[in-house]
Structure formats: C-alpha cells, structure tokens
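Below you'll find the structure, written out as structure tokens, and then a few comments.
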Amino acid sequence: MALPQTPSFRLDGRRAFVPGGSRGIGLACAAALAQAGAHVVVAARGDDGVRTAVAELTAAGLSAEGMAMDVGDLAALDDFLADQAPFDILCNSAGLARHGPAIETTPEDFDAVARLNLRGAYFLAQRVARGMTGGGSIMQISSQMGHVGGVDRAVYCATKWGVEGMTRAMAIEWGPRNIRVNTICPTFIRTPLTEATFADPERRAWIDANIKLPRVGEVEDVMGAVLFLASDASAMVTGTSLLIDGGWTAG
C-alpha cells in the first residue's frame, strides 16, 4: 500500500491579493505567499509604501505588483478588480486601530475603525469571492482581540469580533463553491506600529503576563499560518480561527 502524501504547500500559478501588504504583518504575508510561488498583488493607501514593498519583493526574485488604493472605498475596489484576473487567494491585512477608553470613544473614531476593519473586510471578501469560480482561500488577519477583551480596545474588539462572525457565516455559504474562509488571529506582534505599546511599561507588563510562551510575537510567526491556509495543506479547513497568540486565550 502506498503511503499517503503530504499535500503541497506550494502556490505556483496562483494569484494572491494582499491589502494592507506594504509593511509589518501584511508585508510578511505577501512575502510568505510569494516565496511559495504565488504572484502577489499588494495594495495599501500609501503609494510610496506600495512601491517600496513591491521593490523589496521583486528584488528577492519574487513575483509581485502593487496598487495604491483604499480598499474601504468600494467604487475604487470595484474598478481595481474589474481590471484584474480573478484571485485564488485573498489575505486581508488592512486594518485600523484607535485605542482609548470606551467611555471616551467618539462616533468619528468608531466609524473610521468600523469602516475599514469590518465594513471594508466584509465587502472586500464579497467582491473577491465573486471571481473565485474555481474555489479559493480567503483569510482575514483578525486578532486575538476577536476572542477576548482588552483595556482601551472596545472599538477594535467590536470590529474583530464582527470579523470572526462574518467569517463563519461566509464559510457556510461559500463552502459549496469550494471557497474556504478563515481568520488568522495574532497576539501582539513586534512591528513599527506596535513599538509604542511595547515601550509602555504598563502595557508591556500586561502583554508579558498574558503570553504564555517566553517571548512576544514576530512577523515570521504569522507567515506559516498564512501559507498553511492558502495552500492545499488546509483543504478541509474553513470557518475557523488560527490563533497565533502564544497561549493568551488559553486562560
């Protein structure tokens, strides 16, 4: 009897769309997909950031292009997708945080965060899924804060809990079309955007007390999860969350 073969983690011939892919976790996601053979299209609001990210990827011999755009702008998103071949993979890393005490949240801050983190993520998945006639993998970069609460993070948590719910519903609806929909939920990952949090002694103590492993997260910790969920290795995985939280939500 022949031994079963491990499904391939390679992504040769596939097209991946990575909104929010110009820096930090998003750039790491783009690199992981491109290193596995996918052609990656990076999008972000800043033109300079997109150009820099694409230059770094192509300098490493990877297949990549970019587009400066706000994926929360549905008209711009529709125009962009109309000019693109269908994508096999969506890894949405676009997001916004405006942390502060819940009692001080302004409607403007709430609307700005919800517009991108929840509304934008919802309609981005919808529109990309329409082109996935042969199946595909949709990943939302969510957060451990989509599973627990946190000080000064009520708005952020609200949007990420919403992403978790919509992901499960979309997975049920789109499963018959062989479209898999999952979230990736990192803990605090060291990036330029999180350095202020890590530099705050009180916040750093809170992080260290909750991560059970003896270190904080790095962007490389997210890359394996992205590759797994994008590839045939996760062909039976949909409607779930892959927590990269160092044990934070374990209790």
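The values are calculated or read from the model by the stated rules, or taken from the named source; none is laboratory data. None of these values were measured; they are calculated from a predicted model. Here Cβ is always computed from backbone atoms with ideal geometry, including for glycine, and neighbour counts include all displayed protein chains.
Applying the selection to segment 144-201, what residues are hydroxyl-bearing (Ser, Thr, Tyr) and closer than 24 Å to ASP111 by Cβ?
TYR156, THR159, THR167, THR183, THR194, THR197
So VAL42 ticks every box in (1) surrounded by 24 or more Cβ atoms within 10 Å (Cβ to Cβ); (2) assigned to a loop (DSSP other than H, G, I, E, B) but one. Which box is left unticked?
Of the numbered conditions (1) surrounded by 24 or more Cβ atoms within 10 Å (Cβ to Cβ); (2) assigned to a loop (DSSP other than H, G, I, E, B), the odd one out for VAL42 is (2).
Could you go through segment 126-140 and let me know if any residue there is touching a Leu at 6+ places or on another chain (Cβ under 9 Å) and of a type in the set (Lys, Arg).
For segment 126-140, residues touching a Leu at 6+ places or on another chain (Cβ under 9 Å) and of a type in the set (Lys, Arg): present.
How about segment 220-248: which of its residues are under 12 Å from ILE184 (Cβ atoms) and part of a loop (DSSP other than H, G, I, E, B)?
VAL237, THR240, ASP245
Can you pull out every residue in segment 191-210 that is assigned to a helix (DSSP H, G or I) and either touching a Gly at 6+ places or on another chain (Cβ under 9 Å) or surrounded by 12 or more Cβ atoms within 10 Å (Cβ to Cβ) (or both)?
Within segment 191-210, PRO192, LEU193, THR194, THR197, PHE198, ARG203, ARG204, TRP206, ILE207, ASP208, ASN210 qualify.
Per-residue answers, yes or no, for (1) in a helix (DSSP H, G or I); (2) free of Cβ contacts under 8 Å to residues at least 24 places away in the same chain; (3) of a type in the set (A, V, I, L, M, F, W, C):
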{"residue": "PRO7", "(1), (2), (3)": "no, no, no"}
{"residue": "THR52", "(1), (2), (3)": "yes, no, no"}
{"residue": "MET67", "(1), (2), (3)": "no, no, yes"}
{"residue": "LEU77", "(1), (2), (3)": "yes, no, yes"}
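Go through segment 85-121 and give me each residue that's over 12 Å from the mean Cα position of the chain (by Cα), farther than 18 Å from ARG45 by Cα and not charged (D, E, K, R).
If the condition is that a residue be over 12 Å from the mean Cα position of the chain (by Cα), farther than 18 Å from ARG45 by Cα and not charged (D, E, K, R), then ALA85, PRO86, PHE87, HIS99, GLY100, PRO101, ALA102, ILE103, THR105, THR106, PRO107, PHE110 are the ones that fit.
Taking ALA36, is it in contact with a helix residue (DSSP H, G or I) (Cβ under 6 Å, 6 or more places away or on another chain) and modelled with pLDDT of 95 or more?
yes
Within the group THR187, THR197, which residue is in contact (Cβ under 8 Å) with a residue 60 or more places away in the chain and polar (S, T, N, Q)?
THR187
Condition check ((1) of a type in the set (A, V, I, L, M, F, W, C); (2) in contact (Cβ under 8 Å) with a residue 40 or more places away in the chain; (3) not in a loop (DSSP other than H, G, I, E, B)) across all residues:
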residue: ARG115; (1), (2), (3): no, yes, yes
residue: ARG119; (1), (2), (3): no, yes, yes
residue: LEU124; (1), (2), (3): yes, yes, yes
residue: SER137; (1), (2), (3): no, yes, yes
residue: CYS157; (1), (2), (3): yes, no, yes
residue: LYS160; (1), (2), (3): no, yes, yes
residue: ARG168; (1), (2), (3): no, yes, yes
